[in-house]
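The values are calculated or read from the model by the stated rules, or taken from the named source; none is laboratory data. All figures in this text were calculated on a predicted structure; none of them were measured in a lab. Note that we place each Cβ from the backbone using ideal geometry, even for glycine, and neighbour counts take in every protein chain shown. Keep in mind that these areas ignore ligands, DNA and RNA; they rest on the heavy atoms of the full protein, side chains included. Shrake-Rupley method; radii C 1.70, N 1.55, O 1.52, S 1.80 Å.
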Amino acid sequence: MKRSIIYISALFFTLFISVSCSFLDENPVDRLVEGNFYSNEKDAQAAVDATYNQLNDLYHRLMYMLCELPTDNMKNGLGMPNAYLQDLEYLRHNSQNTFVKDMWKYSYAGISKANTAIIKIPEIHMDATVQARLLGEVKFLRGLYYFNLVRFFGDVPLITNLESIEDAMGPRTPVEEVYRQIIEDVTFAADNLPRRPEQSASDAGRANQGAAKILLGKIYLTKGEFQKAVDVLAEIVEHEATHGFGLHADYGSNWKKGTESGMEAVLYIEYAGPPYLTNGEMAMAGPKYSIPESLGISGLNEADIPTQELYDQFDDKDTRKAVNFKTEFQHFTTGEIIRSSIPLSGKFWVEGIESADLCDVNVHIIRYADAILMYAEALNEIGESDKALNQLNRIRERAFGDTSGNYAPMSQDEFRKVILHERRLEFPHEGHRWFDLVRTGTLIERMREHSAYEASVAESNKTDLAKNLKDHMVLMPIPQSELDLNPELVQNPGW
């Protein structure tokens with residue numbers, strides 16, 4: 001039976017990164033009370049579990065909204081009346097946007113919990129190895145939360161010594177100083193966490209050494225420090241079996257019961273049926289307006305849909321196409337196949353359930369395919385083109401089932417374009433696209449091209465994208481509510 005890493009108490013969503021029942025033995029938030037907390041190893045564990053909690057708030061849907069909707073990958077369907085999401089799609093968003101505000105708020109909430117754990121856990125008398133592992137996990141999470149903030153907003157307040165973010169009032173810290181802290185945290189995690197095969201069954205799914213090094217590689221790649229990215233990613237990719245990672249033979253296995261938390265899952269949120277938290281994305285992406293009749297499945301909204309341009313990028317021989325998109329759906333009671341008039345998202349579709357709210361497909365935060373493609377990208381940047389091509393073609397061979405889709409040798413500049421395109425094909429609906437376009441300096445040009453493409457094949461009002469697009473949109477605006485609360489904050493230029 002699939003066991004959830006999500007537990008809902010009457011008051012909280014509590015995230016548990018595990019496939020075992022160990023996380024369900026305690027409710028860590030229940031004991032977060034001054035005076036009776038931080039006295040033993042269980043308290044330390046509960047403090048770390050509470051820090052994992054924020055992953056659900058950030059990655060259940062929010063990351064996808066901010067990293068896919070303002071790009072060439074996704075758009076709002078007829079079932080999405082939310083004005084703030086419409087603004088993100090058409091690049092009309094501003095400092096009042098609630099989704100931008102939530103990214104700031106939930107990231108700092110996770111940082112607050114991490115800071116508390118990092119301050120308090122060393123004061124607890126406990127096994128030194130366990131203590132180092134817990135500190136490694138919580139520093140990994142703090143590094144991840146700050147990494148997201150700095151990529152979205154640039155300079156942000158760097159808070160490491162306060163237990164309450166509400167008490168943190170101060171100016172924005174320069175990006176490079178924030179990155180130094182991120183790298184320090186994630187490096188500590190890599191040095192103190194066990195390899196995946198060394199983790200106990202009860203710790204499966206928690207951050208491990210491989211996850212930390214893959215995240216560190218992504219950080220260096222984002223900073224343009226390509227040799228450092230190669231060095232750290234090589235430790236995992238060149239020795240993947242030792243670290244317990246690899247590619248599934250079938251791309252779709254990453255979203256199937258029994259395999260979705262397997263060797264390609266680096267960091268993920270696992271869902272299960274009631275009474276645990278389910279994945280609501282099937283409800284948001286499932287067909288409603290594009291089909292001639294109901295499927296007999298409740299809760300479908302057709303709100304989150306792929307762009308026509310994204311769909312058109314896929315070769316029919318690419319097996320990823322049938323996973324990422326669906327145009328045929330089975331009626332729940334009659335079994336009749338009903339076709340949609342447009343391609344819809346398919347990763348989170350579950351056959352044979354009567355309500356979309358029962359979807360239990362996992363959300364991947366980091367997949368091992370990302371490590372391979374980042375490694376290929378960094379290798380290309382330092383001139384190791386043959387090795388880079390070999391890694392890129394590993395992804396292609398999995399996608400096509402043979403070598404027919406493999407790339408031939410190419411120039412360094414052409415490889416840059418190809419790897420960015422391949423990441424688009426590999427990671428739809430996974431919250432990477434905006435980050436990829438920004439870090440490669442291609443967001444503005446690509447969105448102009450996308451505006452013209454969509455207007456030519458789908459919607460004439462997509463030309464609004466080009467009109468609304470501005471150079472400063474490589475960063476998100478600082479939420480107005482934060483500017484109002486903290487007079488030392490200043491807005492990003494152009495917003």
What nm distance separates the two modelled labels at residue 161 and residue 227, each placed 7 Å from Cα along Cα→Cβ?
3.4 nm
Cut-off under 5 Å, modelled amide H: who pairs with residue 173 long-range:
156, 158
Fully extended, how many nm does the chain gain between residue 96 and residue 470 (0.36 nm per residue separation, minus their Cα-Cα distance)?
132.9 nm
Of all trypsin sites (Lys or Arg not before Pro) in the stretch 411-495, which ones are in loop regions per DSSP and have a Cβ with at most 11 other Cβ atoms within 10 Å?
470
In the full protein assembly as shown, how much of residue 357 is accessible to a 1.4 Å probe, in Å² to the nearest 10?
90 Å²
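Starting from the Cα gyration tensor of the stretch 248-290, take the square roots of the eigenvalues, sort them a ≥ b ≥ c, and report rounded, prolate or oblate (rounded when a/c is under 1.5, otherwise prolate if a/b is larger than b/c, else oblate).
oblate
Semi-axes, largest first, in whole Å: what does sqrt of 5 times each Cα gyration tensor eigenvalue give for the stretch 385-491? Before the final figure, lay out each step's value.
Details: eigenvalues 234, 77, 34 Å².
Calculated on Cα positions only, the semi-axes equal 34, 20, 13 Å.
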Please enumerate, by chain and number, the aspartates and glutamates with C-alpha under 14 Å from the C-alpha of residue 387, excluding those fewer than 8 residues away in the same chain.
231, 238, 377
Please list, short to long, the whole-number percent of alpha-carbon pairs of the chain in consecutive 20 angstrom bins beginning at zero.
23, 59, 18, 0
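Which shape class, rounded, prolate or oblate, goes with the stretch 84-145 when its Cα gyration tensor gives a ≥ b ≥ c as root eigenvalues, a/c under 1.5 marks rounded, and past that a/b bigger than b/c marks prolate? Walk me through the numbers before you get to the answer.
Values: a/c = 6.62, a/b = 3.65, b/c = 1.81.
It is prolate, given that a/c is not under 1.5 and a/b is the larger ratio.
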Accessible surface of residue 381 - all protein chains present, 1.4 Å probe, nearest 10 Å²
50 Å²
Which aspartates and glutamates have a Cα less than 19 Å from the Cα of residue 42, not counting those fewer than 8 places away in the same chain?
25, 26, 30, 34, 123, 127, 137, 203
Relative contact order of the chain, pairs being alpha-carbon contacts under 8 Å that are 6 or more residues apart, as %:
18 percent
Cβ neighbours within 10 Å, averaged per peptide: list 136-143, 88-95 in order, most packed at the top.
136-143, 88-95
Point-charge dipole on Cβ atoms (K/R +1, D/E -1) for the chain, about Cα centre, debye to 20
280 debye
Where Rh denotes the Kirkwood radius from the mean inverse Cα pair distance, what is Rg over Rh for the stretch 217-375?
1.04
May I ask for the distance between the Cα centers of the stretch 76-116 and the stretch 463-491, given as a whole number of Å?
12 Å
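Go through 139/228; 326/347; 113/218; 139/213 and tell me which ones have a Cα-Cα distance over 18 Å in this structure. Can you show the working numbers first?
Values: 139/228 20 Å; 326/347 9 Å; 113/218 24 Å; 139/213 13 Å.
With Cα atoms farther than 18 Å apart: 139/228; 113/218.
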Between residue 326 and residues 5 or more places away or on another chain, which pairs have amide H atoms under 5 Å apart, with H built 1.01 Å from N, and which residues are they?
344, 345, 346
Near the amide H of residue 304, under 5 Å away, which other amide H atoms are found, from residues 5 or more places off or on another chain, if H is placed in the peptide plane?
77, 285
Ranked by accessible surface with a 1.4 Å probe, highest first, in what order do 126, 447 come?
126, 447
Scalar couplings 3J(HN,Hα) for the stretch 450-456 by Karplus 6.51 cos²θ - 1.76 cosθ + 1.60 (θ = phi - 60°), nearest whole Hz, x for Gly and Pro, are 5, 4, 5, 5, 4, 5, 7
Using the eigenvalues of the Cα gyration tensor, what equivalent ellipsoid semi-axes result for the stretch 96-205 when each is taken as the square root of five times the eigenvalue, whole Å, largest first?
27, 15, 13
What percent do you get for the relative contact order of the stretch 439-493 when only Cα pairs under 8 Å and 6+ apart count?
27 percent
Post the alpha-carbon centroid distance, the stretch 355-434 to the stretch 250-312, in whole angstrom.
21 Å
Quote the Stokes-Einstein diffusion coefficient, in whole µm² s⁻¹, for the stretch 32-184, based on the Kirkwood radius over alpha carbon pairs, a temperature of 25 °C and a viscosity of 0.890 mPa s.
145 µm²/s
